[in-house]
Structure formats: structure tokens, C-alpha cells
Amino acid sequence: MKSYRFLFTLLLLYPFLILTLSAFRPGPVNSPFVEYQEPEFLTYEELQELSRNPEPNRKLKAKLERFWKTPIISNEAYIQGMMPAVKKNRRLGTFMRVASWNIEKSLNIPDAITVFTSPEKFKGLINTDIPVGSTDYEYILLQQKRLMTSDVVILQEMDIGVKRSGYRNATADLAKAMNMNYAYGPEQLEVDPVILSLESLKFEDDRLDEEATKYFRADPEKVKGVFGSAVLSKYPIKSAEVFQLETQTYDWYSGEIKKTTFLEKGRRTGSKTVFKNELTREVKVGGRIFFRVDLYVPELPNETLTVINVHLEIKCTPKGREMQMKEILSYIKDIKNPVILAGDFNSAPTDLSPTSVTRVVKRTAKNPTTWLSVGINYFTAEGATINTSRFLSNATKNFQNPLAKHIPIVAPNAVKGLFDRVEYFRFKDDGVFDFRGNGERSMNGKDKKLANSNERDLIGFKTTFRVRRPIGFIGKYRLDWIFVKSFLKDGNDDFGSYRFAPHFGETLEEMNTSLVRAVSDHHPNVVDLPFEEPGV
């Protein structure tokens, strides 16, 4: 009889017990942040329509415009109780750690998840040529530990529903494994006629291969075809904004769908033979984006940190990338709180868009440096020697250093304009990006410009990209960068505040290249940002 009374009492108290226990849930009951939102993805049939015609009918065009402007936002980790653990050390006090990584079309997301989450499983990815316990081995483990303890992770080339990456939502899978919130900005849609079953695969020698076509063809039930950028965060996401830039310097549909020229075939063959890097067509609609994510960070003014995720165009000249940066900066000038501008700037002196004899001739004719060389050859007996010496001298000056002086015509540095845009940019509150380099605040004791935020090497900066088979330093570039707006009014003021200023910027090249299979052709970068004036 007593047991029945107990059960009856328990049933009466059950609603009150639930209300009481809910007060102790690890996550917030009434969250001020969006729990989850996503755009309306295009159907397989709509992707096929875009593949046939990148300028679709009015209904699909309207849907596409909404799609480009609707980021995915997930605060599910926060709702479930996730908040960042406080990091603190003797040199910096309390601080935040930020990482940036172009993850190469999400091809190796399972390995990326291991690198970000599991020290033990990570050891199984390391090439056995590196002796366990050696100095190199321990250094690799330290780099992996630093990456996996990041509070904010800025990513490029993240797939959703693309066959090459197993139709995964790469960002959602990584965020779930890391127990982080995330925002995702759609950048382009993969609409190659082959993967959408509209065309058979045709090789450069004009052969058709039906087996290969079947391999590349997409599954209509799984395909979403989205390629974009993401921000993962242990802090809640307050808001996210995404849209296509007006400055589009390459058309990924018309530029890729047209017949490959003889010169371009030669370039692709050479790249595959010499560097083991295969250049293939990538038919897409869409283009480079503006992607802003505001995070709730209580330790900062307005309790806000703004992240600008950058992925500039690779298939254009350096001037085109400079114009894209100019546009991005124009959208952020009103921001008063700290800002991180980071990602893949594709800051190479080259243009990877398909080439042709006509294009080469036109660009050569318009290049004043070409005419200087012609004049030297014509008017001096030692023209060849002078031109060779001048070329080598300029190549040495510019080597892995986009900040090298630009001397028009005589000793040009084509990529410097992009960095000048960032260095001399002023926010409306007179804030600037931190370009300082101090030996005691850089990873390897370097004290030259930008050393605190982006690791320098013996000459220039440590590279963040490599082809499959580089030849010495050929095939390596510094493409990825982190810039921080903290509380400075002069980006080169060594005596200014170091609160939330970049410290110990590091490129984790050894960690990535030591693996049996590199996660990406880019290497991740990390930097630490102290919340108060550090004691370094």
C-alpha cells in the first residue's frame, strides 16, 4: 500500500520536478540567439537548369538571390550548454585562440575531424618516417594541440552535398565533432554538366569515357552542390551576413565551359607532369562573397567580435584581388568592436584562369616592364645580362614577401597593392589592423612587419600553400593571412596597446605535411589574442 502512495505522490510532483530540473540544464532556457536557420537549397532539377543556363527564369532567379543572401546559422552547441573554457597563461593572461584554414574542397574531412579532435587518433595519421619521440614528432604534436584548442575556426572551401566530399555537410560534421556553433556562407554552386548527368566526360585528347562519367555523376537524392566558407565558434553567433561581391573578376561558368585552348592544355599537362597538380575545369555559378559573422564575446566592447571570412579570386590578376579587398573593406568601416579579417587571400603574383595565345600577347604588350626589357636590349650591348640580373634581383626582393617595395616598371611587386589596402585602411572610429612585429610576441623571434600575426620565415613569410610535388621553393606560396583590429590607432605603433592584439601567429606547415595524406594543400594558421593588456 505504501508503494502505491509513493507512486501517486511522485506522479503529483512530476510537473514540479521537471520544472526544478530544467533550471539546472547545462544550456540556456531562453536563448537570445538563433538556434538554427538555413537557406532553401536548390533541387537537382534546378541545378540542371542552371547548368544549361546560368541566367535562369524569374522564379529560379529569385530563389537563387535569396539563397546567396541566407547564411546557415547554428547555435545548437550553445543551446546544449557549450561555452568556451577560459585559456590563461603567464605571458598573455586570459586569451582567445583563432585558427584559419582552407580545407581544399572538403576532400579529407574525416582526417580533418581527427586533427581537430583527437590527439591519439592523430598520431595514427603521421608518416612513420618520423620517429616517435623525436624532436620533429613532438613539435608536430604541439602544433596539433594548438589547433584543436582554437576557440574560433575560420574555414574556406567547405562542401555541402557534393560527390567529391561524400555528399557531406562538411561544416556541420566538423562543428558537431568539435561541439561548436557555426555559420556558413554559400559561395558557389557546382553545376558541371558531367556531374549533373547532362554531358559525358571528355578527356583532353577528345576521348569519351562512360565509366569515368558514371563515377563523377551526382546522386539526385543527395546532391546540393554547395561550395562555401564557414566560421566555427565556441562563442554564440549573434548574427551572420553573406552576399555576392559586385567585384567578380572571373566568370566560373563561361570561363570554364568553353573549349580549352592549345596553350591551356599545355599548361595543364605541365602542371600535372611536373608538380602533380591536376588543373581541371570547374563549372560553377556564383562567385566570391562578403561574409561577416558577429560573435558574442563578453570580454570585448559591445560583447562582440566580428569575423570577416575572406576567400578572394584565384583566377584573376593581383589587381582583381585588390579590387575585391577594396570592396570588402568598404562594408566594414563602421564596425567599432574588434575585427578579425582572415582566410585565403590567394595572394599569388599569378593568374590561374584559362590562358590563350591572344591573352598572353595582349597582357605582354600592356606590361610596361616588357618594354623596359626591350629597350635595354636594344640600346645597350649588355642588355641580356642587365635584364637577367634585374629579374633575379626583383625575384629575390619579392620572394614570399608581398610587403616588398613596389617600384613600378623597374622592380614591380604586383601583390603589394592588396596589402596596402589593408595596412592603410581606417575604420570610422580610427581603428586599424595590427601590422606589428616584435621578437618577444612573434612565434620565432622575428621582429619585422606582421610577424606577430603571420609567421615569418628566414626570408619573407612562411608559406601556407604547396603543390603536390614542389621543386625546392617553387610551387610554394603564402596565400593565407590573419589581420586583427584591436585597440590601436596606428598599426605599426610598437608602444601602443597589446590588448586583443595578435600574438605568436604560427603556420602549422609541419603538422599538415607530416601526415601520410595531407588534409589540405593549404596549411592552417593560428594566433592568440589576449583579452587584457598582456605581461609579455
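Are any of the residues in the stretch 241-250 more than 16 Å from TYR167 (Cα to Cα), aromatic (Phe, Trp, Tyr), modelled with pLDDT under 70 and assigned by TED's automatic domain parsing to the domain that holds VAL98? So far as the stretch 241-250 goes, no, none of its residues is more than 16 Å from TYR167 (Cα to Cα), aromatic (Phe, Trp, Tyr), modelled with pLDDT under 70 and assigned by TED's automatic domain parsing to the domain that holds VAL98. In the stretch 234-253, of all residues being among the hydroxyl-bearing types (Ser, Thr, Tyr) and part of a loop (DSSP other than H, G, I, E, B), the one that is nearest to PHE290 (Cα to Cα) corresponds to THR247. The one condition from (1) at pLDDT 50 or above; (2) part of a helix (DSSP H, G or I); (3) polar (S, T, N, Q); (4) farther than 30 Å from GLU256 by Cβ that ASN30 does not meet is (2). Assess whether VAL98 counts as being more than 30 Å from VAL283 (Cα to Cα), surrounded by 10 or more Cβ atoms within 10 Å (Cβ to Cβ) and at pLDDT 95 or above. Spelling it out, VAL98 is indeed more than 30 Å from VAL283 (Cα to Cα), surrounded by 10 or more Cβ atoms within 10 Å (Cβ to Cβ) and at pLDDT 95 or above. Applying the criterion of being within 18 Å of the chain's Cα centre (by Cα) and in a loop (DSSP other than H, G, I, E, B) to the residues of the stretch 295-323, the residue that is nearest to VAL339 (Cα to Cα) is LEU312. Set side by side, the residues GLY535, GLY505, GLY496 differ, and just one is out of contact with any Phe, Trp or Tyr (no Cβ under 7 Å at 6 or more places or on another chain), more than 23 Å from PRO318 (Cα to Cα) and not assigned by TED's automatic domain parsing to the domain that holds THR94, which is GLY535.
Every condition in (1) in contact with a strand residue (DSSP E or B) (Cβ under 9 Å, 6 or more places away or on another chain); (2) on the phi < 0 side of the Ramachandran plot; (3) not hydroxyl-bearing (Ser, Thr, Tyr) is met by GLY475 except one, and the failing one is (2). Reported count of residues in the stretch 33-81, each being part of a helix (DSSP H, G or I), among the small types (Gly, Ala, Ser) and more than 24 Å from ILE308 (Cβ to Cβ), is 2.
In the stretch 138-150, the count of residues that are surrounded by fewer than 20 Cβ atoms within 10 Å (Cβ to Cβ), assigned to a loop (DSSP other than H, G, I, E, B), assigned by TED's automatic domain parsing to the domain that holds ALA518 and of a type in the set (Lys, Arg) is zero. How about the stretch 330-356: which of its residues are among the polar types (S, T, N, Q), out of contact with any helix residue (DSSP H, G or I) (no Cβ under 7 Å at 6 or more places or on another chain) and either farther than 25 Å from GLY255 by Cα or at pLDDT 95 or above (or both)? Hit for the stretch 330-356 is SER330, nothing else.
Of the strands (runs of 3 or more DSSP E) lying entirely inside the stretch 465-527, those containing at least 3 residues that are surrounded by 21 or more Cβ atoms within 10 Å (Cβ to Cβ) and modelled with pLDDT of 95 or more are 480-485, 503-507.
Take the residues in the stretch 506-536 that are within 19 Å of the chain's Cα centre (by Cα) and acidic (Asp, Glu); name whichever of them is nearest to VAL132 (Cα to Cα). In this case the residue turns out to be GLU510. Answer yes or no as to whether VAL536 is closer than 17 Å to GLU104 by Cα, among the β-branched types (Val, Ile, Thr) and in a loop (DSSP other than H, G, I, E, B). It is false that VAL536 is closer than 17 Å to GLU104 by Cα, among the β-branched types (Val, Ile, Thr) and in a loop (DSSP other than H, G, I, E, B). Within the stretch 288-306, the set of residues being out of contact with any strand residue (DSSP E or B) (no Cβ under 8 Å at 6 or more places or on another chain) and under 13 Å from ILE237 (Cα atoms) comprises just one member, PRO298. Within the stretch 190-217, can you find the residues that are modelled with pLDDT of 85 or more and among the hydrophobic types (A, V, I, L, M, F, W, C)? Across the stretch 190-217, the qualifying residues are VAL191, VAL194, ILE195, LEU196, LEU198. For PHE291, the test of being outside the structural domain of ASN401 (by TED's automatic domain parsing) and at pLDDT below 90 is failed.
The values are calculated or read from the model by the stated rules, or taken from the named source; none is laboratory data. None of these values were measured; they are calculated from a predicted model. When we count neighbours, we look across all protein chains shown, and the Cβ atoms used for this are built from the backbone with ideal geometry, even at glycine.
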